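Working notes for the structure below.
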Amino acid sequence: MLKDALAAAVVAALLALPLLGFRLADSQQGLSLDYRFAWVGYAAAAVFIGRLGMAFAAAAFSRVFQRKRQTLLPLAGRPSRNRKIVGWLLVAAALLLPLAPFADRNLIDKATLLLIYVMLGWGLNIVVGLAGLLDLGYVAFYAVGAYSYALLSQTFGLSFWLCLPFAGALAACFGILLGFPVLRLRGDYLAIVTLGFGEIVRVVLLNWESLTNGPNGISGIQRPSFFGLPFLAAAPGRTTFHEFFGLPFSPGQRIIFLYYVILVLALATNLFTLRIRRLPIGRAWEALREDETACRSLGINPTRTKLSAFALGAMFAGFAGSFFATRQGFISPESFTFIESAIILAIVVLGGMGSQIGIVLAAILLVGLPEWFRDLQQYRMLAFGGAMVLIMLWRPRGLLASREPTIRLAADALEAAPQTAGEAAR
Amino acid sequence: MDYFIQQLINGVTLGAIYGLIAIGYTMVYGIIGMINFAHGDIYMIGAFISLVGFLLMGVLGISYLPLALFTVLLLSMLLTAVYGWAVERIAYRPLRGSFKLAPLISAIGMSIVLENYVQVAQGARVKPLPPIVHGGFELSAANADYHVTLSYLQVVIVLVTVGLMAGFTYVITRTPLGRAQRATEQDMTMASLLGVNVDRVVSTTFVLGAALAAVAGLMVTLYYGVIDFYIGFIAGMKAFTAAVLGGIGSLPGAMLGGLLIGLIEAFWSAYFSIEYKDVAVFSILVLVLIFRPTGLLGRPEIEKV
Amino acid sequence: MTAAAPPLLTVEHLTMRFGGLVAINDLSFTARQRQITAIIGPNGAGKTTVFNCLTGFYKPSVGRLTLTPPNNGGCFLLERMEGFRIAKDAGVARTFQNIRLFAGMSVLENLVVAQHNRLMRASAYSVAGLLGLNRYTRAERQAVELARYWLDRIELTGQADWAAGNLPYGSQRRLEIARAMCTEPCLLCLDEPAAGLNPRESAQLNELLLDIRGQHGIGLLLIEHDMSVVMQISDHVVVLDHGAPIAEGTPDMVSNDPAVIRAYLGAAEGEALPPDVAGGLPTAPPC
């Protein structure tokens, strides 16, 4: 145990020596070296103690760990009522959040951001969680949605609610456009092609200045209105929201309105997914994830089935993108880098592939918590990456991995006529 | 004509660097079937260690260039290899044989960790290094229109790459280590039943891949003279593209793929537009995968039913 | 004898090459409606390759595969069809040598997924399903009834909500056959259905296959090593060796054919069969 910890400490020292022990400092003559060998010592000591602690903990809890090892295929034996209750509680909490006494503008704003990620996670879940297609370029569809809303509203002056379906449809078209040639590829190749596609979209947004204004982005994007009532202190010739309802004007109203808009959008995504999972297309997605060869032998068209998952996932990203654009009022290619795709994918996988509530938990863990530590700027992403690794090591199948069957024989028998299995004739 | 040859030289140099990184991807993919997403960042770490090494040579007063280059090369290969080993040990080994996407997510997490670790430790600003290897061959014809530069550095890059490739091919095809590695690649369970220490073979694969990435990092530091913590992402992606293009799992394929990507990038930048060079690279990747999914030198895969 | 039954599948001059390797060489045979046709042969004889050509996983190098479904005037040229269409339009269902269930999904789901195409039409490609229209609900109930029928047949009703991957091996084999039957095929191809089954399970399987033939009136095509299965239930046997057909006929005829005995035993012509091996090729009258 001690030897192991010592070895770990030596490795840590070796790792830390070049990059922590020396610091490249800018000086008059270009670069110079600073020395911080003490840090190497700290790193080694930390690893030594940590390793020892882990060994002790493992020895102490070995029995507990053993018991927790999951069975091969977790499939709930009975309907998990608990999860349904948790789901409704979460929805209720989300609905009531703006009324809570501690809900200041900042909190609502952060919750809105969180909900964007939840919605993106739910959208990507159709592609990755249900259909098992590894998409590393999901952010491209998000970008398509955001830019299509921004451009449509700026060029034609269309309202948010009018643009929303357009943006979704356009993103879905991009999904089909990309999916058609690449969906026959093997899993990992698909991952890398989608990754490349995400980069292509970003590079095009960055360089097609006449359309997208390049790296400067598009600003002054129209904010959404409440059925035509804008959230402004005063609008010449129009009734504003606060005037119509006879409320005093407050910028917080728009924030709360935006919060409810994304809540509705996200819940719609969730409802859609829950519903389509129980339809033949949803079952075919899951079957495709399990075994594509068997699917073909049952007469399921793999390309078309995958394409539908890809397009629907893209569509929800398009909706989320439109919302993002209208919320920010400003978009630039910088918001659509690979790291966003990685975060969304991590939310889906960490949540436990296919689990809708798991995605909410993972989003809170990965996006919500680091948001509170924004002051620690630099360390935020470091902690984020570290959390991704640790959660995967802790629960490789995700936080909530068990799967609920989409249809049950027992429940079905109750619904129809209570008959014994033997009597069920054709 | 001279412009064409100049681009050819630049492309080959760039291709050599991509090829070295691509080998790391292709070996790891071949052996444990995962995309080692953090490999690009291992290369970035190699570049930073080399940069520290060169400055250290300056502090220590070693001014004889070949000696300094060689020392830094060794140092950076060694220390980067430790990074490669540690990444595998911490983030991938516990997940081996578990759910398929878990190692990939872990690798993406590791990539984020490494990037931000370097950013925190060394600062986000671009790090410049004044040119160390000067001069080159000037190839000019009698008429003054024809003018091509082949710098010594480019020669060194290509020579070192060819040398490493030769050595590497020897290791894989002729030594017991290589045999164990190829056996593990074919069937990990069987190899371990036959007494191959699979853990060690996988570790060695990561160490070798990281060492080659470190060489690539050193060369980039010398060639471009500027590095930052973000170089790993794009280079890693292109190198992976190179590995896929050449046929993943195939060493000569990785080298060939790297060369092609380097050439495509150089020529596209020279003749079309420098902004869209990455788009060109990825478009070609997509085309290759659609029409020849096994890559150029990959073995065709017959679907077993 | 039922030899006069109309042909269901006609294989003519089927040849499959992989690079230089000839896996199947000029194979012709006919499988008839309401009959069980078995393809047997030593390991590596190319049996599974025949199935893969038949179900669209490989494109044959040469040859014609004609399927003539009953009560449907047309016929299908299988070698020209995409894999999934062979199952969807022509009605050829298959099982796999190494079972390919949707292991993470429940037993019932496996059987419902097999009815995908009918349910897709009923749900108007998900539109009616999303709106919760009556016509989809009814179709789904029918699908469950069909699944329940097969669950009863394979005695898995009690485990309907289990993950398919958690079933014991023998049950998985039966489930795979039931899943294939849920596509309502006219030809069912079984790739070594008795592999890994104990004698009791194997006898159950025989019964199931004979029932399928008798009650559903479809043709069965069978690859099998287990001679007790082949000899007891098949109407017609095709013997392959090194990709080439060497004998064809009733189980009786085939098991006495010297070429077959030579292929299986590698014995010289005229040599007497050792008694234990002769017992491995029992001669039972076709049912």
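Put simply, when B:16-26, A:42-52 are sorted by average Cβ atoms within 10 angstrom per residue, most first, you get B:16-26, A:42-52.
Order by neighbour count: B:TRP268, A:TRP394, fewest other Cβ atoms within 10 Å first, most last. Walk me through the numbers before you get to the answer.
Values: B:TRP268 20, A:TRP394 10.
Ranked by crowding around the Cβ, least crowded first: A:TRP394, B:TRP268.
On full extension, the segment bounded by C:GLU207 and C:CYS75 gains 44.5 nm, given 0.36 nm per residue less the C-alpha separation.
Could the peptides C:185-194, B:147-156, C:95-104, A:97-106 be put in order, highest first, of the mean number of other beta-carbon atoms found within 10 Å of their residues?
On the way: C:185-194: 24.2, B:147-156: 16.8, C:95-104: 20.2, A:97-106: 11.3.
Ranking the peptides C:185-194, B:147-156, C:95-104, A:97-106 by packing returns C:185-194, C:95-104, B:147-156, A:97-106.
Here the spin labels are modelled as points 7 Å beyond Cα on the Cα-Cβ line, and at A:GLU404 and A:TYR35 they lie 6.3 nm apart. With a Förster radius of 45 Å applied to the beta-carbon distance between C:ARG64 and C:ASN134, the computed FRET efficiency rounds to 0.50. Neighbour counting of Cβ atoms within 10 Å sorts the residues C:ARG213, C:ARG262, fewest neighbours leading, into C:ARG262, C:ARG213. As a rough footprinting exposure proxy, the listed residues A:VAL128, A:VAL261 were ranked by other beta carbons within 10 Å of their own, and the order from fewest upward is A:VAL261, A:VAL128. Quickly work out the B:LEU60-to-B:LEU139 label distance, labels modelled 7 Å from Cα along the C-beta direction, and quote it in nm with one decimal. For the pair B:LEU139/B:LEU60, the computed spacing is 3.6 nm. Please give the average number of partner chain Cβ atoms lying within 10 Å of the Cβ of each residue in C:82-91, rounded to a whole number. Counting other chains' Cβ atoms within 10 Å and averaging over C:82-91 gives 4. Packing, taken as the mean count of other beta carbons within 10 Å per residue, orders the peptides B:87-93, A:326-332 from highest to lowest as B:87-93, A:326-332. Mean sequence separation of contacting Cα pairs (under 8 Å, at least six apart), scaled by the length of chain C, corresponds to a relative contact order of 24 percent. Between A:TRP208 and B:SER283, the simple label model (points 7 Å from Cα in the Cβ direction) yields a spacing of 1.3 nm. Take every pair of alpha-carbon atoms less than 8 Å apart whose residues are at least six positions apart; their mean separation over the length of segment A:2-68 yields a relative contact order of 37 percent. Of interest is the spacing of the C-alpha centroids, which for segment A:333-409 and segment B:167-197 amounts to 36 Å.
How long is the gain from A:ARG23 to A:TRP372 if the chain were fully straight, where each residue apart is worth 0.36 nm and the alpha carbon distance is subtracted?
Working: separation 349, 0.36 × 349 = 125.64 nm, distance 2.92 nm.
Fully extending the segment from A:ARG23 to A:TRP372 adds 122.7 nm.
Take the Cβ atoms of C:HIS225 and B:SER192, set R0 to 25 Å, and the FRET efficiency comes out at 0.25. Compared with the alpha-carbon gap, the fully stretched path from A:LEU247 to A:ASN216 is longer by 7.5 nm at 0.36 nm per residue. If R0 equals 45 Å, the separation of the Cβ atoms of B:ARG125 and A:ARG184 corresponds to a calculated FRET efficiency of about 0.50. Can you bin segment A:81-402 into rounded, prolate or oblate? Criterion: square roots of the alpha carbon gyration tensor eigenvalues sorted a ≥ b ≥ c, rounded for a/c under 1.5, prolate for a/b above b/c, oblate for the rest. It comes out prolate by the Cα gyration axes. Which residues in segment A:225-266 place their backbone N less than 18 Å from a point set 7 Å from the Cα of A:ALA100 along the Cα-to-Cβ direction? Within reach of a label on A:ALA100: A:255-264.
Near C:ALA103: Cβ cut-off under 15 Å, other residues only, Lys/Arg at +1 and Asp/Glu at -1. The net charge is +1.
In whole percent, what relative contact order does chain A give with Cα contacts below 8 Å and a gap of six or more residues? Show your work: numbers first, answer last.
Numbers: 556 pairs, mean separation 103.0, N = 426.
Relative contact order comes out at 24 percent.
From the square roots a ≥ b ≥ c of the eigenvalues of the alpha-carbon gyration tensor of segment A:2-68, which class results: rounded (a/c under 1.5), prolate (a/b over b/c), or oblate? Intermediate results must be reported in sequence, preceding the final value.
Numbers: a/c = 4.94, a/b = 3.40, b/c = 1.45.
Note, shape of segment A:2-68 comes out prolate.
Judged by the gyration tensor of its Cα atoms, with axes a ≥ b ≥ c, the protein assembly as shown is oblate; a/c meets the 1.5 cut and b/c is at least as large as a/b. Computed over neighbours whose Cβ is under 13 Å from that of B:LEU263, the net charge equals +1, Lys and Arg +1, Asp and Glu -1.
Take each residue of peptide C:107-119, count the partner chain Cβ atoms within 10 Å of its Cβ, and average: the result is 6.
Computed over the protein assembly as shown, the per-residue total of -39500 (n - 2.57) for DSSP H runs of n ≥ 4 gives a 222 nm mean residue ellipticity of -19500 deg cm²/dmol, rounded to 500.
Give me a single rounded figure for B:236-246: the average over its residues of other chain Cβ atoms within 10 Å of their Cβ.
Numbers: counts 0, 5, 1, 0, 5, 4, 0, 1, 5, 0, 0.
Neighbouring Cβ atoms belonging to other protein chains average 2 per residue here.
Less than 5 angstrom separates the built amide H of A:ARG36 from those of A:PHE22, A:ARG23, all sequence-distant by 5 or more or on a different chain.
The numbers here are math on the coordinates, done by the rules we state, and not lab data. Since this is a predicted model, take the numbers as computed values, not measurements. For neighbour counting, all protein chains shown are included, and Cβ atoms are generated from backbone atoms with ideal geometry for every residue, glycine included.
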